[in-house]
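Input: a single structure, listed below in structure tokens.
The values are calculated or read from the model by the stated rules, or taken from the named source; none is laboratory data. Quick caveat, the model's predicted, so the values are computed rather than measured. Don't worry about glycine lacking a Cβ; one is built from the backbone with ideal geometry, like all the others, and counts go over all protein chains shown.
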Amino acid sequence: MLHTRYRTVFFLLFALSGFTGLIYESLWTHYLKLFLGHAAYAQTLVLAIFMGGLALGSWICSKYSSGWKNLLLLYALAEGAIGLFALFFHPVFRLAIDTSYTSVLPQLGSPLHANLFKWTLSAILILPETVLLGMTFPLMSAGILRAFPDTPGKSISLLYFTNSIGAATGVLVSGFILTKLVGLPGTMRIAGFTNLAIAGAVWFLIRGIPAVVTPVSEEKVQGRDGQGAGWYWFLLLASLVTGTASFIYEIGWIRMLSLVLGSSTHAFELMLSAFIFGLAFGGLWIQRRIDHIGDPIFFLVKVQLVMGVLAISTIFFYGHSFEPMQWIVKTLPKTDMGYAIFNLSSNAIALLIMVPTTFCAGMTLPLITYSLLKRGHGEKSIGSVYAANTVGAIIGIFSAVHLGMPMLGLKGLIISGASLDIILAISLLFALSRDPAQFRRAFIVTGAGICIIVFSMAFINLDPYKMASGVYRLGDLESPRNARLLYHKDGKTSTVSVFHNDVGFMSIRTNGKSDAMIQMNPSEVESPDEHTMILVAAIAMALEPHATTVANIGFGSGLTTNTLLLNESLERVDTVEIEPAIIEGARNFGDRVRLAYTDPRSRIHIDDAKTFFSVQNRKYDIIISEPSNPWVSGVASLFSEEFYRMASRNLNDDGLFCQWL
């Protein structure tokens, strides 16, 4: 038998496993946005594939692990295989992407076919690793429970905690240290060697010790009533619902906080780590108590109710986070130390917003898993709960990005997630009810839940002026006193706003950052942005006077496209913009950009620039690139060598590529 002190060692090794797991997720997002384009799409797809692989891997374990003998040895093999995949990922990725751009995508002909190919190839590149990652938690958990069956609830909770705390640390270390020092390939190799070291350490600990082959089963747990399939499937559904709600929160909070903290890659990593830290400490808190909870399902009801209420409260507290950020930006010096303090302050704001709710979320999976173990469903519960939760996460990701955000807005999105948690709590409470008093309690809770949801929809509001201010840039907050907000919409990739201030300037903003500004009063001095937008078109046409076809990347205000169309010799101007809300919002510039919308030579394409050029066989005399700043998450791919090589393939002989640097 394994010595009890080994359990602590296994927990530490599993923290390292979580450390590498989130490094992979972060790195895959960076890699795939070079292939897929905009970071919002890349993050959504990577999350979906990542969670799908985790679900498949954990489901495989739930299905077959009871017949496997040495689970810890299999865990070591899985970690070793993950490490080997990581070591070879970079060269395989480069080969696959170069082949795609040169030989495959130009033959496909349509954006739909190109996107299907790119999504499929992305899945092929990372799905095997994610399936193996999905197997690690059930294998380690069931292996620990077989070897140390005395406190199953504590063991499950500690494993969730150690894996999550490692994951949160991995996000920060990879984003702020490793990628800066050794780049993406070097960071990937470090993670790979770490997985190989984990595999070696586990093998070293278990070598020569007979495997614990008896699966955790009905005979190995203290069952209360041995209820069968009904509660089993109900609790798996609960795991799915809480996974859906949690990722609705994550998507919503990250968009909300990007309006306060900024849209940089570092800001995203700070927000993601704050989310995971809350999950980790929820698991840590419950681990000391879970084995002594008389009815874990009823405790889960209370956690779900509190979580739903706390999620709604984040809307209120978020609305008051702009003033602290304003003070931080106005006060801190513009130095390296000031930037470090800015990041620490941003992390503190993200923690204050997210942690109360995610602390509760961190208790849910240990409680659900322990409930099933206690009811005699054996170690298959571990993988099944994990799989159901990750399937719920995928549902949450896609419903939030493609339905909730555009249709409900940020406030409605968060309330929808909270409603799921409250409805789940009420459903569990009714299922537990056995006598009239318990049913009365369930109806009272139902009424209270409805009141909370209705109250939040009616009386808790977000200030669109603050949200569109970009306070993280200069520390300024807009108000109706000095500007009119003409347009504000939460799009799929960004929140777009249009302001018209009291001195005549109209600006279009993405996540609070101004991307274009035009002076709408002819008697006033024009904005500096007008010089760059007009000149990039004018200089390009002056250098290429015989041009007939132009592609313009990034719509912005539409002024560059409008300027191009003033040249009657041009036959076609294709403008590529990824966010539909930009096209919609820029209509407020009126006659200054009229030709962009009305001239028959103008064609506006809602697409990512890399996808657009990879599937277009058309060549242009001029390509103008006007993306946002490279520090904005996802935009850097339009400043990469891969993109410039691709653009050159879409230029005619002696064609011209124009971009401000």
query: How many residues are buried (at least 21 other Cβ atoms within 10 Å of the Cβ) and closer than 30 Å to D291 by Cβ if we restrict to region 166-205?
result: 6
field: Members of region 422-455 found to be modelled with pLDDT of 95 or more and among the polar types (S, T, N, Q), listed by number
entry: S427, T446
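Do we have R594 as out of contact with any helix residue (DSSP H, G or I) (no Cβ under 6 Å at 6 or more places or on another chain), within 29 Å of I518 (Cβ to Cβ) and not in a loop (DSSP other than H, G, I, E, B) here?
Yes: the conditions hold for R594.
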field: Residue count for region 170-219, restricted to those that are under 30 Å from H377 (Cβ atoms) and either modelled with pLDDT of 95 or more or among the basic types (K, R) (or both)
entry: 2
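Can you work out which of the residues in region 58-73 that are crowded, with 21+ Cβ neighbours inside 10 Å and under 15 Å from R146 (Cα atoms) is modelled with the lowest pLDDT? Explain how you work it out, then say what you get.
The initial filter retains those residues of region 58-73 that are crowded, with 21+ Cβ neighbours inside 10 Å, namely 58-59, 61-62, 65, 71-72.
Okay, now just the ones that are also under 15 Å from R146 (Cα atoms), so 61-62, 65, 71-72.
Working: C61: 91, S62: 88, S65: 84, L71: 90, L72: 91.
If we take residues in region 58-73 being crowded, with 21+ Cβ neighbours inside 10 Å and under 15 Å from R146 (Cα atoms), then S65 is modelled with the lowest pLDDT.
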message: Looking only at region 381-413, how many residues end up being over 14 Å from the mean Cα position of the chain (by Cα), crowded, with 24+ Cβ neighbours inside 10 Å, closer than 18 Å to L47 by Cβ and of a type outside the set (S, T, N, Q)?
response: 5
message: Based on this model, can you work out whether R603 counts as in a strand (DSSP E or B) and either assigned by TED's automatic domain parsing to the domain that holds F505 or free of Cβ contacts under 8 Å to residues at least 40 places away in the same chain (or both)?
response: yes
- request: Please name all residue pairs, on different chains or six or more residues apart, with Cβ atoms under 9 Å, provided the first residue is in region 528-547 and is of a type in the set (S, T, Y) and the second residue is surrounded by 15 or more Cβ atoms within 10 Å (Cβ to Cβ).
  value: T532/T560; T532/E626
- line: Of those in region 343-369 that are of a type outside the set (S, T, N, Q) and within 22 Å of W231 (Cβ to Cβ), the residue nearest to the chain's Cα centre (by Cα) is A361
- prompt: Taking region 450-509 only, how many residues are of a type in the set (A, V, I, L, M), surrounded by fewer than 22 Cβ atoms within 10 Å (Cβ to Cβ) and farther than 16 Å from I414 by Cα?
  reply: 6
task: Please specify each residue of region 428-481 satisfying the condition of being over 22 Å from V260 (Cα atoms) and outside any helix (DSSP H, G or I).
output: S433, R434, D435
task: Would you mind stating whether G378 is more than 26 Å from the chain's Cα centre (by Cα), surrounded by fewer than 24 Cβ atoms within 10 Å (Cβ to Cβ) and in contact (Cβ under 8 Å) with a residue 60 or more places away in the chain?
output: yes
